[in-house]
Structure formats: C-alpha cells, structure tokens
1. With respect to PHE580, is the statement that it is within 30 Å of GLN547 (Cα to Cα) and either among the small types (Gly, Ala, Ser) or under 36 Å from the mean Cα position of the chain (by Cα) (or both) true?
2. Pick out the one residue from SER436, SER445 that is in contact (Cβ under 8 Å) with a residue 12 or more places away in the chain, under 25 Å from VAL146 (Cα atoms), touching a His at 6+ places or on another chain (Cβ under 9 Å) and of a type in the set (Ser, Thr, Tyr).
3. When the residues of the range 426-465 are narrowed to those that are in a helix (DSSP H, G or I) and of a type outside the set (A, V, I, L, M), which ends up farthest from SER175 (Cα to Cα)?
4. I need the full set of residues from the range 344-379 which are open to solvent by less than 30 Å² (accessible area, probe 1.4 Å) and more than 25 Å from SER274 (Cβ to Cβ), in order please.
5. How about the range 472-492: which of its residues are open to solvent by 10 Å² or more (accessible area, probe 1.4 Å), more than 23 Å from LEU536 (Cβ to Cβ) and touching a residue at least 24 places away in the same chain (Cβ under 8 Å)?
6. Looking only at residues in the range 153-190 that are among the aliphatic types (A, V, I, L, M) and within 20 Å of the chain's Cα centre (by Cα), which one is farthest from TRP434 (Cα to Cα)?
7. What's the total number of residues in the range 238-256 that are crowded, with 22+ Cβ neighbours inside 10 Å and aliphatic (A, V, I, L, M)?
8. Is there a residue being closer than 15 Å to ALA349 by Cα, in contact with a Leu (Cβ under 7 Å, 6 or more places away or on another chain) and open to solvent by less than 10 Å² (accessible area, probe 1.4 Å) anywhere in the range 278-289?
Amino acid sequence: MKLPGKTDIKPVRRKRGRSFNTRRQKVLVWLFPIAGLLSLIWFLIRVVPKPSRATYPCQRVTAPLAGGFLFWLGGIVGSCIAFRKAGIFLRQAKRPLTLICLGLAISMAVIAVINSPNLPVRAEAPIPLTPIGTARGVNPGRVVWVHDPAATDWAGPGDGHWWESTHTDQTVVDSMISQTIRALSGEPTDVAAWDALIRHFNLTHGKGDVAYTPGEKICIKVNFVGCIANGGTVDPNSYDLIGRLDYMNTSPQMMLALLRQLIYVVGVNPADISIGDPTCLFPNQYYNPLHDEFPDVHYLDRNGGNVSNPRTPVDLSSVPFYWSVQPSGKTQDYVPLAYAEAAYLFIIANLKAHTAAGVTLCAKNHFGSLKRYPPAGSYYNMHETLPSSVPQSGRYRCLVDLMGHAQTGGKTLMYLIDGLYSGIHPIDSSPRKWSSAPFDDDWTSSLFASQDPVAIDSVAFDFLYEEWTSYPHMSGTDDYLHEAAQADSPPSGTFYDPDHPTNTTPLDSLGTHEHWNNATDKQYSRNLGTGDGIELIPVGPPVAVIQANPTEGLAPLTVDFDATGSFDPDGTIVSYAWDFDGDDIIDDNSGPVTNHTYTNCDTYLAKLTVTDNEDLTSTDSVQVVVLPYPGDFDEDKDVDQEDFGHLQACLGSSPPPAHDCFYADLNGDSSVNRNDVTIFIGCMSGANNPADPNCAD
C-alpha cells in the first residue's frame, strides 16, 4: 500500500573548491565570448537609436567588450575559412595559394588569441589570523554583523521589485539598525549607544569628550551606482527608475532606518542632513518613501533634479583632493560641499563583488564621492589602480587616498554595508541568493557596521571570498586593505597624503586588517583572544530548528519533537513554545524536547517558536501526517460494512479527491477501482474487531 504524505528531498551540497578547476576554467573561457555578444547586442540597441549614448559609462564598459568580441569572432571564422581553403588548394596542388591561405589562417588565429580575454590572475589563499594595522573605534576593530532573514521576502525578478515595502520589511530593518548601534557601542539602549559612538569620535578627532551639538551637519554617502546620472537608468524628466530596476543599490529601507535614528534618537534637525550619491540621480522609487517622512532632508543629486522633481544639487567646495602619486596634467579634484560642511559623515555601501576591483565595499563607495566619474575626461583615472589593471600586491591604491582624506574618511563616524541583497557589479542586473552558510540559498539579509573602515571591508571581503570563487579571488583584491592598514608605512612605499599637493603629512594606519580563521566559525584574533585585530560580533534573532520523529504513521501516532538544534547568535534562547496542530494556540512550553500523540487522522503543521533574551523570536515548522488503518475510512478502528459503503461511493474517482476519497486509493495508483475493492475485502475485520495495520501490504 502506498501511504500518502510529503517526502522532502534535500539537495546534496557539493564542497566549495578553493581554486579554479578545469570545469570552471572551461565555463569562464566561454563566459567572455557570451559577455562580448551580449555587450554587442546591448551597444547596438542603445547607441544606434541615439548615438550620444556612446558616452554613457555603461557603454564605455560594453564597447571594448563588444569590439573585442568582434575581433575574436572574426579571427576564429577567418582562420577556419582560410584553413579550409588551404586544404582545397593543397588537394589541387596549388602550392602558392595553399601557403597564402595557411599564412592568413595563422594570422587570423593570432588575432583571435590576442583578442580573447585572459582569465583573471588568481591570488593565493588568504592567510588567516594575521592582523596588521591599528584597530579603530570605541571598541577597537569591532565589526557588527546582523543577519535577519525576516527582512527580505522577494521571490526574485517578476515578483515586483526587492525595494518595494511588500518585499523588504521596514520594521525589521529598523530593528537591524537599532541592534547594530547597540552592539557596536556595547550600550544597552539606542540613546546611550549614539552618545558613546559620537563622544568617542569627537574625543579621537580633537573635539573633546562632547556629545552631538544641535546644528552640526551630517552627510550620508550611499551607493547608487545603478543610477549613474548619464547611465540611462533614471529618466531625467520624470525621475522614475526605468532601467536596472532590480539592481543592488542602497535600499530605501536602510536609508530610512538610519534617518529615523539620527532624527528621532540623536535629535538631528532634518534640514541639517544631506543624503545621496554625488555622481548619481536620486530616483523617485527611493526618494518618495524618504521624502514623505522627512521632507526637509537634503536629497543630493548630481543634476539637482528639475522643477517637477526638485533635489539638492551637488556643489563642490574649495577643498582640494590630491592623489598621492601626484599625477601631472590632470584636472584638480575638489570635495563636495556637503562633505566639507558636515561634522560627521556616514558611509552606506553595498555587499557586492566587482569584475574589475574584486569587491566593492565602503572604500570603493568613495568612487562616487567626487561628483565626476572615476575615469572622467582630464581627471585622474581611478580605475587605473584596480586589481584588473594592477593585479600585483604592494602597489599604490587610490582607495587609500579616498579612505584617508580629512573630508572623507577623516569625518566618517560610522561605516555600514547594506547586505540585504547582494550581487556582482556590473554584470548582475538583479541580486543573487547565496549558498554559503548561514544563508543557505536565500538572500543575504544582512547589515555590517563598524567605526573601523579597514576592518569592515576585511570582514565583508571574507564573506564574498567564501561565496564566490571568481572575482573576489583576483590577485590584488585585498591589497588596498594591506596598504590602508599600514598607510603610515605601506608595502608599496607610497607616501599617502591626499590632503596636500606634495608629500607633507603621511596618513596614519587607517584601521586593522586580517582574515578569519575559517568560514564556519568566522572568528578573528580579538574573538579568540590571540591578537589586536578584528572582533566580529554576530547579532540577530534566534534561529528555530525543529526535528520530529516520526513525521508519518498510523493513528494514534506519538511524535517526538526536538528543538535542541535551535540557537541564538548573540545571546540565549529563553523559551520554547510548541503548537502541535498549527491552530496558533500554544500546546506545550516545557522546553526544547517534548512529544505529542495524534489520535485523529489528518495532516498537521507542528510549529515551534523560540524567544531569546532580547525578546526576539523565530519560528520553524514540520508537517506530520496521521493515517488511518487501511480500509478504516470512518476511523472507528475496524474495517466493516460502513467502510465498504465509503469505498463504493469513491469508485471511479480518478484521481481521488482529497480528503474524502484519498485514503480509498489503497494501492496508490491515483484511482479508486476494482483493485482497491479486492484489497479492501482482504482487510475486512468485521464490526468491533481490530483492524490489521498490515493487511494492505
């Protein structure tokens, strides 16, 4: 007899490799031609109707790929044709023409090889627990990581957009920010946490042990790289986001949560806050939920909006920004006015890998801080120091200048990484779910925060390195962290001094860098008490894990429940609440191990809710199927004439409708017929005679 019930088949997870194996290399070899073809199609679709789009940053990226693809394709096709012609001429004994065709074939093959992209240079595996630099922050080197899967509820492209309120829960994100600042400061309340963070910042920046003073301005640099001003993704007239709608920009929920903390808790006047990305537009989809609650905040926009959609234009101050390599013949950079006027700066980056930089986190978020584009015109080209161009270690990295200038890193009170949704820039148009623990094929649903700019990027690098074996593994990806941690005496020998036109005052160490012990424990030297590097503090709600044995059987069915696998990343679980039948009424709260006997045949959803010491909860569930004895349709513990009447009423049902006739399908062939009648007759026990649980076998 086939017993109904649900069978869960769990996928087998392969071990993640630490090197490019042959299969991955073959995939990557074909990845680049495919990317070239897609780039060509995109370039033609966008540029042919409007040639001026050829100057857009996205087209500047796709044009070389498209051109290289054409040369590669032409070389391959030309080489094949020439070789074929050479064979024909050889058979015809036309030796001169044979030699000419062979020469052309070889030349075309060389062209194809030259224009075929090389695999990225791969770095050696990071050395764990070797801290360098000087840790920063009220709790030096501390990085807080909040992971709460309840923040995200999006099925992916086609299910609206991730940034909509129906898919990203503002209440949960508000809680994540609150938990972050308390864990970062070590204080029990939001008010005390902000006071500790601000006082420490002021004390270490020569202002004394003072709290926030009303009237002091604040600037928040977010990451809107998916909304570059001339990138074509934001309509400059309507200010609607019209392209790359699911790209991984800083979420409106994360921005709103931080604004609420600064305004409602710290007491900052909304008119003293500026927020945005100086190189980008501020689209309505992100602007509206923020402006609806805080209309007096300044929403920075490269173009300043328009009459119908006003935004605050990004003006430049008179404060110069210098590059420590002192390039000649370049247009002078200046810091945005909102930065120069601010007493405190906040950075909200995104958790992303990057095809040219390996990773793009808090440091690279500053590529948008100078209003102009990184490779723009006569300005210094910031892209020249990325790992894709300079894969070696111990090289000058312009990211260190961006991290260390007095008006950027010198003013940053807190660094945050919005890790609700993650992806790879610029090739992903929408986020990716992660397979590594604890994400387990779900969105990353995380927030990272620190007062140490090197430590937070180091931690995020380790997460990205574990998840993806491609771009974060490029040689030179974490070189900027080594340079920044040792900015006073960097491996490259660079005199880092972005505040002066010539070597005047070198930067001090900008923070501490190291790699975790392993991806399972995620422990750093301060966690282990072995060094003065990073301390990673995981924060979040408890995780309920329910196990049941058995999950299917004949009535009465006694099921043993076990919740000892539940855990709380930053505290303890204080209660276990069991709802055995899914009616939202608590049936048992005795502890993590219990049992329940089901007497009635049905399918039940048993639920467990755990609560931690911070009153945060988590729920898990398991399905329990309680079956009747074969042929005992009225569940009176015997098989008699009344049951036969039920079987007769179900004859001819195909497939049998649930629940009335489902159990009448005694042989499990999805229909109720004469074969089931034959089985039933063999199961008849008679009135008041116990049914045989094995009669249908």
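1. Yes: the conditions hold for PHE580.
2. Numbers: SER436 fails: touching a His at 6+ places or on another chain (Cβ under 9 Å).
Checking each option against the conditions leaves just SER445.
3. The residue in question is TYR465.
4. ALA353, HIS354, ALA356, ALA357, GLY358, VAL359
5. First, pick out the residues of the range 472-492 that are open to solvent by 10 Å² or more (accessible area, probe 1.4 Å): 474-475, 478, 480, 482, 486, 488-492.
With more than 23 Å from LEU536 (Cβ to Cβ) added as a condition, the list becomes 474-475, 488-492.
Selection gives MET474, SER475, PRO490, PRO491, SER492.
6. Taking the range 153-190 as the starting set, the residues that turn out to be among the aliphatic types (A, V, I, L, M) are 155, 172-173, 176-177, 181, 183-184.
Filter once more, keeping what is within 20 Å of the chain's Cα centre (by Cα): 155, 172-173, 176-177.
On the way: ALA155: 14, VAL172: 20, VAL173: 19, MET176: 20, ILE177: 22 Å.
Of everything passing the filter in the range 153-190, ILE177 is farthest from TRP434 (Cα to Cα).
7. Qualifying residue count for the region: 4.
8. Taking the range 278-289 as the starting set, the residues that turn out to be closer than 15 Å to ALA349 by Cα are 278-280.
Next, from what is left, pick out any that are in contact with a Leu (Cβ under 7 Å, 6 or more places away or on another chain): 278.
Next cut, open to solvent by less than 10 Å² (accessible area, probe 1.4 Å) only: 278.
Yes, the range 278-289 has at least one match.
The values are calculated or read from the model by the stated rules, or taken from the named source; none is laboratory data. All values reported here derive from a predicted model rather than from experimental measurement. Every residue, glycine as well, gets a Cβ built from its backbone with ideal geometry; the counts of neighbours run over all protein chains shown. Note: areas computed on protein heavy atoms with side chains; ligands, DNA, RNA excluded. Shrake-Rupley method; radii C 1.70, N 1.55, O 1.52, S 1.80 Å.
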